[in-house]
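For reference, the structure is listed below as C-alpha coordinates.
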Amino acid sequence: MGSIKAANLYRALRNVVVKGPIAVVNGREAIHLCSNDYLGLSQNSQVVKAAAMALTHVSQASSRLIAGNDPVLEELEGVLARHRRAETALVYPTGYMANLGVVTALADKKTTIFSDELNHASIIDACRLSGARVQIFRHNDPGHLEELLRRPGRTIVITEGVFSMDGDIADLRQICRIAQKRGAITIVDDAHGDFVFGPKFSGVPASFGVDVDVHVSSLSKGLGCFGGYVATSKKIRDLLINTSRQFIYTSALPDHLCAAAIAAIPISKKGHLQKQLSSNIKFLVSRLRKQGFTLGVSSSQIIPVMIGDEKKAIKFSQELLKRGVFVQAVRYPTVRKGSARLRISITAMHTKSHLETALDAFSAANGKTCLV
Ligand code: PMP
(Lines give C-alpha, C1' and ligand atoms only; values in the text may rest on other atoms or scores of the structure.)
Protein backbone atom coordinates (compact mmCIF):
# COMPACT_ATOMS: atom_id res chain seq x y z
CA MET A 1 0.00 0.00 0.00
CA GLY A 2 2.85 2.38 0.85
CA SER A 3 4.25 2.24 -2.68
CA ILE A 4 0.78 2.73 -4.20
CA LYS A 5 0.32 5.85 -2.06
CA ALA A 6 3.81 7.16 -2.87
CA ALA A 7 3.08 6.89 -6.59
CA ASN A 8 -0.22 8.80 -6.24
CA LEU A 9 -2.10 5.67 -7.29
CA TYR A 10 -4.04 5.04 -4.06
CA ARG A 11 -7.80 4.65 -4.53
CA ALA A 12 -10.46 5.24 -1.88
CA LEU A 13 -14.20 4.85 -2.11
CA ARG A 14 -16.39 7.93 -1.97
CA ASN A 15 -20.04 8.18 -1.08
CA VAL A 16 -21.90 9.07 -4.27
CA VAL A 17 -25.64 9.57 -4.59
CA VAL A 18 -26.56 9.95 -8.26
CA LYS A 19 -29.49 12.16 -9.21
CA GLY A 20 -29.39 12.19 -13.00
CA PRO A 21 -26.97 14.93 -14.14
CA ILE A 22 -26.14 15.78 -10.52
CA ALA A 23 -24.22 13.68 -8.00
CA VAL A 24 -23.84 14.21 -4.28
CA VAL A 25 -20.22 13.28 -3.59
CA ASN A 26 -19.30 12.86 0.08
CA GLY A 27 -22.20 15.17 0.89
CA ARG A 28 -21.29 17.84 -1.68
CA GLU A 29 -23.60 18.45 -4.65
CA ALA A 30 -21.82 18.51 -8.03
CA ILE A 31 -22.49 18.35 -11.76
CA HIS A 32 -21.97 14.69 -12.62
CA LEU A 33 -19.43 14.46 -15.43
CA CYS A 34 -18.48 10.81 -15.07
CA SER A 35 -21.73 9.00 -15.72
CA ASN A 36 -22.14 6.10 -18.15
CA ASP A 37 -25.86 6.79 -18.31
CA TYR A 38 -25.28 8.56 -21.61
CA LEU A 39 -28.94 8.91 -22.58
CA GLY A 40 -30.33 9.34 -19.06
CA LEU A 41 -32.49 6.23 -19.40
CA SER A 42 -31.69 4.98 -15.88
CA GLN A 43 -34.10 7.57 -14.54
CA ASN A 44 -36.61 7.61 -17.39
CA SER A 45 -40.05 7.28 -15.80
CA GLN A 46 -41.24 4.60 -18.28
CA VAL A 47 -38.12 2.51 -17.64
CA VAL A 48 -38.37 2.85 -13.87
CA LYS A 49 -42.06 1.99 -14.02
CA ALA A 50 -41.38 -1.12 -16.10
CA ALA A 51 -38.86 -2.33 -13.51
CA ALA A 52 -41.24 -1.55 -10.63
CA MET A 53 -44.20 -3.29 -12.30
CA ALA A 54 -42.11 -6.42 -12.78
CA LEU A 55 -40.99 -6.51 -9.17
CA THR A 56 -42.84 -9.45 -7.69
CA HIS A 57 -39.63 -10.79 -6.19
CA VAL A 58 -36.10 -9.37 -6.04
CA SER A 59 -34.45 -12.14 -8.01
CA GLN A 60 -35.03 -15.61 -9.39
CA ALA A 61 -32.32 -16.69 -6.93
CA SER A 62 -31.03 -19.31 -9.32
CA SER A 63 -28.72 -19.76 -12.29
CA ARG A 64 -30.15 -19.84 -15.85
CA LEU A 65 -29.72 -23.59 -16.28
CA ILE A 66 -31.43 -24.41 -12.98
CA ALA A 67 -34.51 -22.25 -12.26
CA GLY A 68 -33.37 -18.74 -13.23
CA ASN A 69 -34.49 -18.71 -16.87
CA ASP A 70 -37.60 -16.56 -16.51
CA PRO A 71 -39.17 -16.09 -19.99
CA VAL A 72 -38.36 -12.36 -19.83
CA LEU A 73 -34.67 -13.21 -20.26
CA GLU A 74 -35.28 -14.84 -23.64
CA GLU A 75 -37.65 -12.05 -24.58
CA LEU A 76 -34.85 -9.57 -23.89
CA GLU A 77 -32.41 -11.71 -25.85
CA GLY A 78 -34.74 -11.63 -28.85
CA VAL A 79 -34.91 -7.83 -28.70
CA LEU A 80 -31.12 -7.55 -28.32
CA ALA A 81 -30.44 -9.91 -31.24
CA ARG A 82 -32.66 -7.81 -33.52
CA HIS A 83 -31.06 -4.63 -32.20
CA ARG A 84 -27.53 -5.85 -33.10
CA ARG A 85 -28.77 -7.59 -36.28
CA ALA A 86 -27.40 -10.88 -34.99
CA GLU A 87 -28.92 -14.35 -35.13
CA THR A 88 -29.21 -14.60 -31.33
CA ALA A 89 -28.17 -13.03 -28.06
CA LEU A 90 -27.28 -14.30 -24.60
CA VAL A 91 -27.59 -12.20 -21.44
CA TYR A 92 -24.91 -12.30 -18.72
CA PRO A 93 -25.18 -10.67 -15.29
CA THR A 94 -22.62 -8.01 -16.33
CA GLY A 95 -20.61 -6.90 -19.34
CA TYR A 96 -17.43 -7.88 -17.50
CA MET A 97 -18.69 -11.45 -17.23
CA ALA A 98 -19.80 -11.46 -20.87
CA ASN A 99 -16.22 -10.72 -21.96
CA LEU A 100 -14.81 -13.38 -19.66
CA GLY A 101 -17.47 -15.86 -20.72
CA VAL A 102 -17.13 -15.49 -24.46
CA VAL A 103 -13.35 -15.33 -24.68
CA THR A 104 -12.77 -18.31 -22.40
CA ALA A 105 -15.34 -20.33 -24.35
CA LEU A 106 -13.82 -19.53 -27.75
CA ALA A 107 -10.10 -19.59 -26.91
CA ASP A 108 -7.71 -22.03 -25.31
CA LYS A 109 -3.97 -22.47 -25.25
CA LYS A 110 -3.92 -23.40 -28.95
CA THR A 111 -5.54 -20.05 -29.87
CA THR A 112 -3.82 -16.74 -30.59
CA ILE A 113 -5.75 -13.65 -29.59
CA PHE A 114 -4.87 -10.30 -31.19
CA SER A 115 -5.94 -7.61 -28.77
CA ASP A 116 -5.79 -3.80 -29.04
CA GLU A 117 -3.29 -2.36 -26.56
CA LEU A 118 -5.96 -0.12 -24.99
CA ASN A 119 -8.62 -2.78 -24.56
CA HIS A 120 -10.62 -2.72 -21.33
CA ALA A 121 -9.48 -4.62 -18.22
CA SER A 122 -12.30 -7.16 -18.68
CA ILE A 123 -10.89 -8.11 -22.11
CA ILE A 124 -7.36 -8.33 -20.71
CA ASP A 125 -8.58 -10.56 -17.86
CA ALA A 126 -10.59 -12.66 -20.30
CA CYS A 127 -7.54 -13.23 -22.52
CA ARG A 128 -5.41 -14.19 -19.52
CA LEU A 129 -8.02 -16.56 -18.15
CA SER A 130 -8.42 -18.32 -21.49
CA GLY A 131 -4.76 -19.43 -21.49
CA ALA A 132 -4.43 -18.33 -25.13
CA ARG A 133 -1.30 -16.80 -26.59
CA VAL A 134 -1.96 -13.04 -26.68
CA GLN A 135 -0.47 -10.63 -29.20
CA ILE A 136 -1.07 -6.95 -28.57
CA PHE A 137 -1.48 -4.67 -31.58
CA ARG A 138 -0.81 -0.95 -31.43
CA HIS A 139 -3.87 1.04 -30.52
CA ASN A 140 -6.39 1.18 -33.37
CA ASP A 141 -3.64 0.35 -35.89
CA PRO A 142 -4.93 -2.03 -38.60
CA GLY A 143 -1.48 -1.98 -40.28
CA HIS A 144 0.16 -3.39 -37.17
CA LEU A 145 -2.62 -5.95 -36.78
CA GLU A 146 -2.00 -7.09 -40.36
CA GLU A 147 1.73 -7.44 -39.72
CA LEU A 148 1.11 -9.58 -36.63
CA LEU A 149 -1.76 -11.63 -37.99
CA ARG A 150 0.30 -14.18 -39.85
CA ARG A 151 0.01 -17.09 -37.50
CA PRO A 152 -1.67 -20.23 -38.73
CA GLY A 153 -4.28 -21.89 -36.50
CA ARG A 154 -7.22 -20.56 -34.54
CA THR A 155 -7.07 -16.77 -34.21
CA ILE A 156 -9.30 -14.16 -32.62
CA VAL A 157 -9.19 -10.38 -33.08
CA ILE A 158 -10.70 -8.42 -30.22
CA THR A 159 -11.24 -4.69 -29.87
CA GLU A 160 -13.55 -2.19 -28.24
CA GLY A 161 -15.96 -0.21 -30.44
CA VAL A 162 -15.66 3.10 -28.55
CA PHE A 163 -12.56 2.99 -26.33
CA SER A 164 -13.54 3.46 -22.72
CA MET A 165 -10.69 5.68 -21.58
CA ASP A 166 -9.92 7.61 -24.77
CA GLY A 167 -13.35 7.88 -26.38
CA ASP A 168 -12.02 7.22 -29.88
CA ILE A 169 -13.69 4.77 -32.25
CA ALA A 170 -12.04 1.60 -33.59
CA ASP A 171 -11.38 1.54 -37.33
CA LEU A 172 -13.61 -1.50 -37.70
CA ARG A 173 -13.78 -1.31 -41.48
CA GLN A 174 -10.05 -2.06 -41.77
CA ILE A 175 -9.76 -4.23 -38.65
CA CYS A 176 -12.61 -6.52 -39.74
CA ARG A 177 -11.38 -6.66 -43.35
CA ILE A 178 -7.92 -7.81 -42.20
CA ALA A 179 -9.27 -10.23 -39.61
CA GLN A 180 -11.75 -11.77 -42.04
CA LYS A 181 -9.13 -12.09 -44.80
CA ARG A 182 -7.04 -14.17 -42.37
CA GLY A 183 -10.01 -16.21 -41.15
CA ALA A 184 -9.88 -14.81 -37.61
CA ILE A 185 -12.95 -14.66 -35.35
CA THR A 186 -13.90 -11.02 -34.68
CA ILE A 187 -15.11 -9.88 -31.25
CA VAL A 188 -16.13 -6.26 -30.61
CA ASP A 189 -16.86 -5.01 -27.10
CA ASP A 190 -19.19 -2.12 -27.84
CA ALA A 191 -20.13 -1.25 -24.25
CA HIS A 192 -19.73 2.50 -24.90
CA GLY A 193 -20.99 2.65 -28.48
CA ASP A 194 -24.13 0.58 -28.03
CA PHE A 195 -27.40 2.56 -28.16
CA VAL A 196 -25.36 5.69 -28.96
CA PHE A 197 -23.87 5.17 -32.46
CA GLY A 198 -24.84 3.47 -35.68
CA PRO A 199 -28.07 3.11 -37.68
CA LYS A 200 -30.95 2.88 -35.21
CA PHE A 201 -28.23 3.26 -32.58
CA SER A 202 -27.31 -0.39 -32.96
CA GLY A 203 -23.63 0.23 -32.32
CA VAL A 204 -20.27 0.84 -33.92
CA PRO A 205 -19.98 -2.24 -36.21
CA ALA A 206 -23.27 -1.29 -37.90
CA SER A 207 -22.07 2.29 -38.32
CA PHE A 208 -19.22 0.90 -40.48
CA GLY A 209 -21.55 -1.60 -42.16
CA VAL A 210 -19.36 -4.51 -41.05
CA ASP A 211 -20.33 -7.92 -39.72
CA VAL A 212 -18.58 -9.24 -36.64
CA ASP A 213 -18.78 -12.72 -35.20
CA VAL A 214 -19.41 -11.69 -31.62
CA HIS A 215 -20.77 -8.44 -30.18
CA VAL A 216 -20.23 -7.93 -26.46
CA SER A 217 -21.97 -5.14 -24.64
CA SER A 218 -23.23 -3.79 -21.36
CA LEU A 219 -26.78 -2.73 -20.55
CA SER A 220 -25.53 -0.34 -17.88
CA LYS A 221 -24.20 2.42 -20.10
CA GLY A 222 -26.13 3.81 -23.08
CA LEU A 223 -29.21 1.90 -21.95
CA GLY A 224 -28.95 3.05 -18.32
CA CYS A 225 -30.02 -0.39 -17.05
CA PHE A 226 -27.97 -3.30 -15.76
CA GLY A 227 -26.46 -6.48 -17.19
CA GLY A 228 -24.27 -7.64 -20.05
CA TYR A 229 -24.88 -9.54 -23.25
CA VAL A 230 -23.35 -11.25 -26.24
CA ALA A 231 -24.99 -11.11 -29.69
CA THR A 232 -23.79 -13.81 -32.03
CA SER A 233 -24.64 -16.95 -34.05
CA LYS A 234 -26.87 -19.75 -32.76
CA LYS A 235 -23.83 -22.03 -32.77
CA ILE A 236 -21.75 -19.77 -30.52
CA ARG A 237 -24.73 -19.11 -28.22
CA ASP A 238 -25.15 -22.84 -27.80
CA LEU A 239 -21.45 -23.22 -27.06
CA LEU A 240 -21.68 -20.50 -24.41
CA ILE A 241 -24.70 -22.09 -22.73
CA ASN A 242 -22.82 -25.38 -22.57
CA THR A 243 -19.28 -24.30 -21.73
CA SER A 244 -19.11 -20.71 -20.49
CA ARG A 245 -18.47 -20.93 -16.76
CA GLN A 246 -19.42 -17.27 -16.22
CA PHE A 247 -22.83 -18.12 -17.67
CA ILE A 248 -23.39 -21.51 -16.07
CA TYR A 249 -22.15 -21.00 -12.52
CA THR A 250 -23.77 -17.73 -11.55
CA SER A 251 -27.25 -16.42 -10.80
CA ALA A 252 -29.44 -15.16 -13.62
CA LEU A 253 -29.95 -11.45 -14.19
CA PRO A 254 -33.05 -10.54 -12.09
CA ASP A 255 -36.20 -10.39 -14.20
CA HIS A 256 -37.17 -6.81 -13.26
CA LEU A 257 -33.84 -5.65 -14.74
CA CYS A 258 -34.71 -7.46 -17.98
CA ALA A 259 -38.09 -5.71 -18.00
CA ALA A 260 -36.35 -2.34 -17.56
CA ALA A 261 -34.03 -3.04 -20.53
CA ILE A 262 -36.98 -4.13 -22.71
CA ALA A 263 -38.71 -0.81 -21.90
CA ALA A 264 -35.55 1.25 -22.48
CA ILE A 265 -34.62 -0.11 -25.93
CA PRO A 266 -37.53 1.41 -27.91
CA ILE A 267 -36.93 4.77 -26.20
CA SER A 268 -33.26 4.59 -27.20
CA LYS A 269 -34.34 4.10 -30.84
CA LYS A 270 -36.21 7.41 -31.12
CA GLY A 271 -33.01 9.39 -31.58
CA HIS A 272 -33.85 12.59 -29.68
CA LEU A 273 -31.56 11.68 -26.78
CA GLN A 274 -28.58 10.96 -29.04
CA LYS A 275 -29.22 14.30 -30.80
CA GLN A 276 -29.07 16.14 -27.48
CA LEU A 277 -25.97 14.17 -26.49
CA SER A 278 -24.19 15.03 -29.72
CA SER A 279 -24.98 18.74 -29.35
CA ASN A 280 -23.62 18.64 -25.77
CA ILE A 281 -20.41 16.93 -26.96
CA LYS A 282 -19.80 19.56 -29.67
CA PHE A 283 -20.41 22.43 -27.28
CA LEU A 284 -18.17 21.13 -24.48
CA VAL A 285 -15.31 20.03 -26.74
CA SER A 286 -15.10 23.32 -28.62
CA ARG A 287 -15.23 25.38 -25.41
CA LEU A 288 -12.61 23.25 -23.61
CA ARG A 289 -10.30 23.61 -26.62
CA LYS A 290 -10.85 27.37 -26.63
CA GLN A 291 -9.86 27.40 -22.96
CA GLY A 292 -6.56 25.79 -24.00
CA PHE A 293 -7.00 22.24 -22.66
CA THR A 294 -5.41 19.34 -24.50
CA LEU A 295 -8.08 16.80 -25.32
CA GLY A 296 -7.56 13.22 -26.48
CA VAL A 297 -8.59 12.23 -30.01
CA SER A 298 -12.09 11.34 -28.87
CA SER A 299 -15.06 11.37 -31.20
CA SER A 300 -17.64 10.40 -28.60
CA GLN A 301 -19.23 11.31 -25.29
CA ILE A 302 -16.03 10.23 -23.50
CA ILE A 303 -13.75 13.26 -23.50
CA PRO A 304 -10.29 12.86 -21.96
CA VAL A 305 -8.59 16.05 -20.77
CA MET A 306 -4.95 15.01 -20.91
CA ILE A 307 -2.81 15.89 -17.90
CA GLY A 308 0.04 13.36 -17.73
CA ASP A 309 1.21 13.65 -14.15
CA GLU A 310 -0.84 11.56 -11.67
CA LYS A 311 -0.56 14.06 -8.78
CA LYS A 312 -1.69 16.97 -10.95
CA ALA A 313 -4.65 14.97 -12.24
CA ILE A 314 -5.83 14.24 -8.69
CA LYS A 315 -5.33 17.85 -7.62
CA PHE A 316 -7.29 19.09 -10.64
CA SER A 317 -10.23 16.78 -9.94
CA GLN A 318 -10.22 17.87 -6.27
CA GLU A 319 -10.26 21.54 -7.31
CA LEU A 320 -13.18 20.80 -9.64
CA LEU A 321 -15.11 19.05 -6.89
CA LYS A 322 -14.60 22.03 -4.56
CA ARG A 323 -16.29 24.07 -7.31
CA GLY A 324 -19.21 21.67 -7.71
CA VAL A 325 -18.03 19.54 -10.66
CA PHE A 326 -17.48 15.78 -10.38
CA VAL A 327 -14.89 14.41 -12.83
CA GLN A 328 -12.74 11.35 -12.22
CA ALA A 329 -8.96 11.47 -12.51
CA VAL A 330 -8.00 8.28 -14.35
CA ARG A 331 -4.54 6.92 -13.59
CA TYR A 332 -2.31 3.87 -13.96
CA PRO A 333 -3.09 0.93 -14.13
CA THR A 334 -6.31 1.96 -15.91
CA VAL A 335 -4.18 4.01 -18.34
CA ARG A 336 -0.42 4.09 -19.00
CA LYS A 337 1.88 5.64 -16.34
CA GLY A 338 2.32 9.34 -17.05
CA SER A 339 -0.85 9.56 -19.13
CA ALA A 340 -3.22 10.48 -16.31
CA ARG A 341 -6.26 12.37 -17.43
CA LEU A 342 -9.58 13.74 -16.38
CA ARG A 343 -12.11 11.51 -18.04
CA ILE A 344 -15.20 13.56 -18.71
CA SER A 345 -18.28 11.74 -19.87
CA ILE A 346 -21.31 13.76 -20.72
CA THR A 347 -24.89 12.77 -21.17
CA ALA A 348 -28.09 13.90 -22.83
CA MET A 349 -29.31 14.99 -19.38
CA HIS A 350 -26.84 17.88 -19.10
CA THR A 351 -28.23 21.30 -19.90
CA LYS A 352 -26.22 24.21 -21.36
CA SER A 353 -26.27 25.75 -17.91
CA HIS A 354 -24.65 22.62 -16.37
CA LEU A 355 -21.97 22.72 -19.05
CA GLU A 356 -21.35 26.47 -18.65
CA THR A 357 -20.94 26.00 -14.89
CA ALA A 358 -18.53 23.11 -15.51
CA LEU A 359 -16.48 25.20 -17.94
CA ASP A 360 -16.18 28.04 -15.39
CA ALA A 361 -14.99 25.51 -12.83
CA PHE A 362 -12.37 24.18 -15.27
CA SER A 363 -11.05 27.74 -15.69
CA ALA A 364 -10.91 28.36 -11.97
CA ALA A 365 -9.33 24.97 -11.19
CA ASN A 366 -6.75 25.64 -13.84
CA GLY A 367 -5.81 28.83 -12.02
CA LYS A 368 -4.90 26.63 -9.03
CA THR A 369 -3.04 23.87 -10.87
CA CYS A 370 -1.55 25.86 -13.78
CA LEU A 371 -2.25 23.18 -16.34
CA VAL A 372 -2.58 25.45 -19.38
N1 PMP B 1 -16.34 -3.36 -21.50
C2 PMP B 1 -16.00 -2.06 -21.42
C3 PMP B 1 -15.31 -1.46 -22.59
C4 PMP B 1 -16.30 -1.31 -20.29
O5 PMP B 1 -15.94 -0.02 -20.20
C6 PMP B 1 -16.98 -1.92 -19.22
C7 PMP B 1 -17.39 -1.17 -17.96
N8 PMP B 1 -16.60 -0.15 -17.57
C9 PMP B 1 -17.32 -3.27 -19.33
C10 PMP B 1 -16.99 -3.96 -20.48
C11 PMP B 1 -18.03 -3.98 -18.23
O12 PMP B 1 -19.38 -3.74 -18.27
P13 PMP B 1 -20.28 -3.93 -16.94
O14 PMP B 1 -20.15 -2.68 -16.16
O15 PMP B 1 -21.65 -4.21 -17.44
O16 PMP B 1 -19.66 -5.10 -16.23
Pop out the ³J(HN,Hα) list for segment 146-155 in order, Karplus 6.51 cos²θ - 1.76 cosθ + 1.60 with θ = phi - 60°, rounded to Hz; leave Gly and Pro as x. 4, 4, 6, 7, 10, 7, x, x, 6, 10
If the reach is capped at under 28 angstrom between alpha carbons, list the lysines near LYS290, excluding any in the same chain fewer than eight residues apart. LYS275, LYS282, LYS311, LYS312, LYS315, LYS322, LYS337, LYS352, LYS368
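Which percent, to the nearest 5, of DSSP beta bridges fully inside the chain are antiparallel? Write down the numbers at each step before the final one.
On the way: 29 of 49 bridges.
Roughly 60 percent of the beta bridges in the chain run antiparallel, per DSSP.
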In whole Å, largest first, the alpha carbons of segment 281-346 cover along the principal axes 29, 26, 19
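Ordering TYR92, TYR249 by accessible area with a probe of 1.4 Å, largest first, what comes out? Intermediate results must be reported in sequence, preceding the final value.
Working: TYR92 0, TYR249 160 Å².
From most exposed to least exposed: TYR249, TYR92.
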Give me the 1.4 Å probe accessible area per residue for the chain, excluding ligands and nucleic acids, in Å². 44 Å²
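Pop out the Kirkwood hydrodynamic radius of segment 45-268 from its pairwise C-alpha distances, inverse of mean 1/r, in Å to one decimal. Write out the running numbers ahead of the final one.
Working: mean 1/r = 0.0574 Å⁻¹.
Kirkwood hydrodynamic radius for segment 45-268: 17.4 Å.
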Selection from LEU39, GLY224, ALA313, by position along the positive dipole direction of the chain (Cβ): ALA313
³J(HN,Hα) across segment 337-346 via Karplus (A = 6.51, B = -1.76, C = 1.60, θ = phi - 60°), whole Hz, x for Gly/Pro? 4, x, 10, 4, 8, 9, 9, 8, 10, 10
Measuring from its Cα centre, the chain shows a charge dipole (+1 at each Lys and Arg Cβ, -1 at each Asp and Glu Cβ) which, in debye to the nearest 20, is 820 debye
Going by amide H atoms built from the backbone, whose H comes under 5 Å of the H on GLY227, apart from near neighbours? GLY95, LEU219, SER220
Residues with amide H under 5 Å from that of GLN60, placed H, sequence gap 5 or more: ASP255
Alpha carbon centroid spacing (whole Å) that separates segment 162-235 from segment 6-82: 21 Å
Please state the equivalent ellipsoid semi-axes for segment 1-121: what are the square roots of 5 times the Cα gyration tensor eigenvalues, largest first, in whole Å? 31, 28, 16
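Please compute one quarter of the surface area of the Cα convex hull for segment 189-251 and express it in square nanometres. Working shown, then result.
On the way: hull surface 18.4 nm².
The Cα convex hull of segment 189-251, projected and averaged over all directions, gives 4.6 nm².
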Most fluctuating residue of ARG138, ARG128, ARG151 in a GNM of the chain with Cα springs under 10 Å: which is it? ARG151
Of the accessible area of segment 45-268, with the probe set at 1.4 angstrom, what percent is carbon plus sulfur? 54 percent
Taking alpha-carbon centroids only, segment 111-133 lies from segment 339-361 a number of Å equal to 32 Å
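Can you name the helices of the chain, as whole DSSP H runs, whose Cα span along the helix axis is 27 Å or more and whose Kyte-Doolittle mean is not below -1.0?
Numbers: long enough: 272-290 (28 Å, -0.53).
Flagged H segments are 272-290.
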Vicinal HN-Hα couplings computed from phi for segment 213-228 (Karplus, 6.51 cos²θ - 1.76 cosθ + 1.60; Hz; Gly/Pro x): 6, 9, 9, 10, 7, 10, 8, 9, 10, x, 8, x, 10, 7, x, x
To the nearest 10 square angstrom, what accessible area does GLU75 show with a 1.4 Å probe? 100 Å²
For a quick check of understanding: with a 1.4 angstrom probe and all protein chains in place, what accessible area in square angstrom does ASP360 have, to the nearest ten? 100 Å²
What ranking of LEU73, LEU100 comes out by heavy-atom accessible area, probe 1.4 Å, highest first? LEU100, LEU73
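The values are calculated or read from the model by the stated rules, or taken from the named source; none is laboratory data. Since this is a predicted model, take the numbers as computed values, not measurements. Please note: Cβ atoms are built from the backbone with ideal geometry, for glycine as well, and neighbour counts cover all protein chains shown. Note: accessible area is taken over every heavy atom of the protein model, side chains too, but ligands, DNA and RNA are not part of it. Shrake-Rupley method; radii C 1.70, N 1.55, O 1.52, S 1.80 Å.
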